[in-house]
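Heads up, the thing below is written out as structure tokens.
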Amino acid sequence: MALHLRTGETSLALDRPDGALTADGASLDARIARLGATGDAETVVLVVDGRPRVATVERDGGVTRVWVGGTPVEVETRTDADLLLERCGLDAGDAAADREVHAPMPGLVLRVLVEPGQDVEEGQGVVVLEAMKMENELTAPAAGTVAAVHVAAGDAVAKNELLIEVDV
């Protein structure tokens, strides 16, 4: 599985099993060796065409910065799976599971705790569902705004039925 890097108009692919490195599809005479790591930063030596360069790689959430010679460069990193989702018109961060609340089991809606247009935080209760004589508070999968409420108190719901949609 390759790791794909993009900065500006340049694309690099690092194939981990054999260490092969390509730039915009062309093979490079290059090697990468790890020198050490501290916290979220890793120091590597990159040898391209026999010329070594020391670089520091910092990861801050979804952003990767590579410092070479004191100059930071922001790099977009993606895996083969990320590229496949992109080619299929999907985005891993835009999956329905990231923005929908479904009934985990058949039950009866006791209370709806939100309304459309309301801001919610990740983990905030949105629906109370009674199932198997127990009350279960279902929570928002992500912070955002309630886009739609598909149930009301007293509704019987089936397993996996869509209850709430959240715009993230």
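No value in this document is a laboratory result; all are computed from the given coordinates. As the structure is a prediction and not an experimental result, all values here were calculated from the model. Cβ: placed from backbone, ideal geometry, glycine included. Neighbour counts: every protein chain shown.
With +1 assigned to the C-beta of every Lys and Arg and -1 to the C-beta of every Asp and Glu, and no other charges, what is the dipole magnitude of the chain about the Cα centre in debye, to the nearest 20?
Roughly 640 debye for the chain.
Mind listing the long-range amide H neighbours of Ala143? Cut-off is under 5 Å, sequence gap 5 or more, other chains count too, H placed in the peptide plane at 1.01 Å from N.
Amide H to amide H, under 5 Å and 5 or more residues apart or across chains, Ala143 pairs with Glu122.
From the Cα trace of the chain, what convex hull volume per residue do you get, rounded to a whole Å³?
Dividing the Cα hull volume of the chain by its residue count gives 173 Å³.
For the ranges 49-58, 105-114, what's the packing order if you count other beta-carbon atoms within 10 Å of each residue, average per peptide, and put the highest first?
Ranking the peptides 49-58, 105-114 by packing returns 105-114, 49-58.
Quote the relative contact order of the chain in percent (integer), defining contacts as alpha-carbon pairs under 8 Å separated by 6+ residues.
Relative CO of the chain lands at 15 percent.
Apply the Karplus curve 6.51 cos²θ - 1.76 cosθ + 1.60, θ = phi - 60°, to the phi angles in the stretch 105-117 and return the couplings in whole Hz, x for Gly and Pro.
7, x, x, 10, 6, 8, 8, 9, 9, 9, 9, x, x
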